[in-house]
Amino acid sequence: KEQLFSLTDATGNRLAGNFTAAGLPDGFSMFDTEMPGVPPGAEYRAYSGPVGGNTLTVAFSLSETEELERIVLMSFGWGTLIIIGLAVAGGALLASRVQRRLDGIAATMVDVSHGRLDTRIPLTGKGDDIDIVSSQVNAALDRLSALVEGMKQVSANIAHDLKTPLNLLQMILDTASEKNLSGQKV
């Protein structure tokens, strides 16, 4: 029974209704005890109040409420599991994307450490923190490459500038050595 009602007189005798509400206090109350006309094991929420010189009690079964509570708790449980699963999957996806970008940076730095100064870190164009740092590292590599190229040019210029005097000195020494070997005055 989903709904129960009882009208009792001042002495507790049932005048009308489908159960006897003996011993229930005035106002709202809960009961699950066995009463005449109440199915065993059922829990009810009841309201008792005076009507004239009698007491009217109306009760509603909590079985629907309990079923709804069970459904809501199951829904929250499954929802929580789904959200946790999505969060873990999203975190793994994000971590793998970041790891791929970091691997690209590491590979570029290995190339640079082996002397390949023309290698640059690939940019995604997203403008995120990794792109900003990568752009700054690429700019530093550009400057480093230009400095190394400048040093090579200066070294080549110095070598060229020293080549003529050294060749002249070599010729003088060769001539002096030949004169010395032939007994001529040096």
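The values are calculated or read from the model by the stated rules, or taken from the named source; none is laboratory data. This one's a predicted model, so the numbers in the text were calculated from it and none came from an experiment. So basically every Cβ, Gly included, is an ideal-geometry build from the backbone, and we count neighbours across all protein chains shown.
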Query raised in the report: Do you know which residues across segment 142-186 are touching a Lys or Arg at 6+ places or on another chain (Cβ under 9 Å) and exposed (fewer than 10 other Cβ atoms within 10 Å of the Cβ)?
Result: K185, V186
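Quick one: count up the residues across segment 35-46 that are modelled with pLDDT under 75 and surrounded by 11 or more Cβ atoms within 10 Å (Cβ to Cβ).
Looking only at that region, the number is 5.
Has segment 124-141 got at least one residue that is over 30 Å from V112 (Cα atoms) and either surrounded by 10 or more Cβ atoms within 10 Å (Cβ to Cβ) or without any contact (Cβ under 8 Å) to a residue 12 or more places away in the chain (or both)?
no
Residues are listed down the side, and each one gets a yes or a no for (1) modelled with pLDDT of 90 or more; (2) among the β-branched types (V, I, T):
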| residue | (1), (2) |
| --- | --- |
| N18 | no, no |
| S48 | yes, no |
| E64 | no, no |
| L86 | yes, no |
| V112 | yes, yes |
Query raised in the report: When you scan segment 81-125, how many residues do you find that are part of a helix (DSSP H, G or I), charged (D, E, K, R) and under 22 Å from L147 (Cβ atoms)?
Result: 1
